[in-house]
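K.L.:
A single structure is presented below for examination.
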Amino acid sequence: MKDVYNVLFLCTGNSARSIMAEAVMNYKGRPNFRAYSAGSHPSGSVRPEALRQLEAAHLPTSGLRSKGWDEFSRPGAPKMDFVFTVCDNAANEVCPIWPGQPMTAHWGVPDPTAVRGTEEQVEKAFRDVFFLLDRRITLFVALPLSTLDGLSLKNEIDGIGRR
């Protein structure tokens, strides 16, 4: 069993969902997991609503930034063990695909940045996404990683959040 598993959360803009997932995993997954996030077309900034959700949960936000996934394909970048896409196929959003051999899974998560409405409606969308990611990550870090092979782990991960 590895000392630390590297986890990459991918979405398109890397401004909300993948950022929140990175922060949650780095908090709940320690000391076994180290999380990162990236986007196929990064927005260049983290949404303030995402930061507010993390701060409300008392999670660290320092160092969180919107970045492209090419940052993790350069020489010297951490080798990923798990890659989760958190974009929403139901909304016809194009999800990035990660090359290589890490375990991959898709967690369809609605895009809170697409919500239009009152400030309360937008905040609720970000809060709902935060709680969805928090639940899935809590379940993921509870898996007995040392006893699962690749195929059974993929089946467990793909089933998270659908129970």
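The values are calculated or read from the model by the stated rules, or taken from the named source; none is laboratory data. The structure presented is a predicted model; accordingly, all values stated were derived computationally and were not measured. Cβ atoms come from the backbone with ideal geometry, glycine included; neighbour counts cover every protein chain shown.
K.L.:
Yes or no: Ala35 of a type in the set (A, V, I, L, M) and assigned to a helix (DSSP H, G or I)?
P.N.:
Details: of a type in the set (A, V, I, L, M): yes; assigned to a helix (DSSP H, G or I): no.
The answer is no for Ala35.
K.L.:
Another question about this same structure. Select from region 5-32 the residues that are assigned to a loop (DSSP other than H, G, I, E, B) and under 13 Å from Asp134 (Cα atoms) and list them in ascending order. Even if it seems obvious, please write down each step before you answer.
P.N.:
Going residue by residue through region 5-32, those that are assigned to a loop (DSSP other than H, G, I, E, B) are 12-16, 29-32.
Within region 5-32, just Gly29 meets the criteria.
K.L.:
A further question follows. Here is a list of conditions, (1) at pLDDT below 95; (2) in contact with a Pro (Cβ under 7 Å, 6 or more places away or on another chain); (3) not charged (D, E, K, R), and Gly76 meets all of them except one; can you say which number that is?
P.N.:
Gly76 satisfies all of (1) at pLDDT below 95; (2) in contact with a Pro (Cβ under 7 Å, 6 or more places away or on another chain); (3) not charged (D, E, K, R) except (2).
K.L.:
Right, Lys67: touching a Pro at 6+ places or on another chain (Cβ under 7 Å) and surrounded by fewer than 21 Cβ atoms within 10 Å (Cβ to Cβ) or not? Break it down stepwise before answering.
P.N.:
Values: touching a Pro at 6+ places or on another chain (Cβ under 7 Å): yes; surrounded by fewer than 21 Cβ atoms within 10 Å (Cβ to Cβ): yes.
Yes; evaluated as a whole, the condition is true for this residue.
K.L.:
Suppose the filter is farther than 13 Å from Ala21 by Cβ, of a type outside the set (A, V, I, L, M) and at pLDDT 70 or above; does Pro99 pass it?
P.N.:
On the way: farther than 13 Å from Ala21 by Cβ: yes; of a type outside the set (A, V, I, L, M): yes; at pLDDT 70 or above: no.
No: the conditions fail for Pro99.
K.L.:
Can you run down the residue pairs with Cβ atoms below 6 Å, 6 or more apart or on separate chains, where the first is in region 67-85 and under 15 Å from Tyr5 (Cβ atoms) and the partner is among the hydroxyl-bearing types (Ser, Thr, Tyr)?
P.N.:
That search, which allows pairs on different chains as well, returns Asp81/Tyr5; Val83/Thr104.
K.L.:
Give the residue that is surrounded by the most Cβ atoms within 10 Å (Cβ to Cβ), with candidates limited to residues of region 1-38 that are under 13 Å from the mean Cα position of the chain (by Cα) and aromatic (Phe, Trp, Tyr). Please lay out each step first, then the result.
P.N.:
Looking only at region 1-38, we keep the residues that are under 13 Å from the mean Cα position of the chain (by Cα), and these are 6-29, 33-38.
From the residues that got through so far, the ones that are aromatic (Phe, Trp, Tyr) too are 9, 27, 33, 36.
Working: Phe9: 28, Tyr27: 17, Phe33: 21, Tyr36: 22.
Among those that are under 13 Å from the mean Cα position of the chain (by Cα) and aromatic (Phe, Trp, Tyr), it is Phe9.
K.L.:
Looking at Pro42 and the list (1) farther than 15 Å from Val129 by Cα; (2) modelled with pLDDT of 90 or more; (3) surrounded by fewer than 21 Cβ atoms within 10 Å (Cβ to Cβ); (4) not hydrophobic (A, V, I, L, M, F, W, C), which single condition is not satisfied?
P.N.:
(3)
K.L.:
Which of (1) in a loop (DSSP other than H, G, I, E, B); (2) under 15 Å from the mean Cα position of the chain (by Cα); (3) of a type outside the set (Phe, Trp, Tyr) does His41 not meet, given it meets every other one?
P.N.:
Among (1) in a loop (DSSP other than H, G, I, E, B); (2) under 15 Å from the mean Cα position of the chain (by Cα); (3) of a type outside the set (Phe, Trp, Tyr), the lone unmet condition for His41 is (2).
K.L.:
Taking into account only those residues within region 102-122 that are touching a Cys at 6+ places or on another chain (Cβ under 8 Å) and at pLDDT 90 or above, which is farthest from Asn6 (Cα to Cα)? Break it down into steps so the answer makes sense when it comes.
P.N.:
Looking only at region 102-122, we keep the residues that are touching a Cys at 6+ places or on another chain (Cβ under 8 Å), and these are 106, 108-109, 111.
Okay, now just the ones that are also at pLDDT 90 or above, so 109, 111.
Values: Val109: 21, Asp111: 24 Å.
Among those residues, the one meeting the criterion is Asp111.
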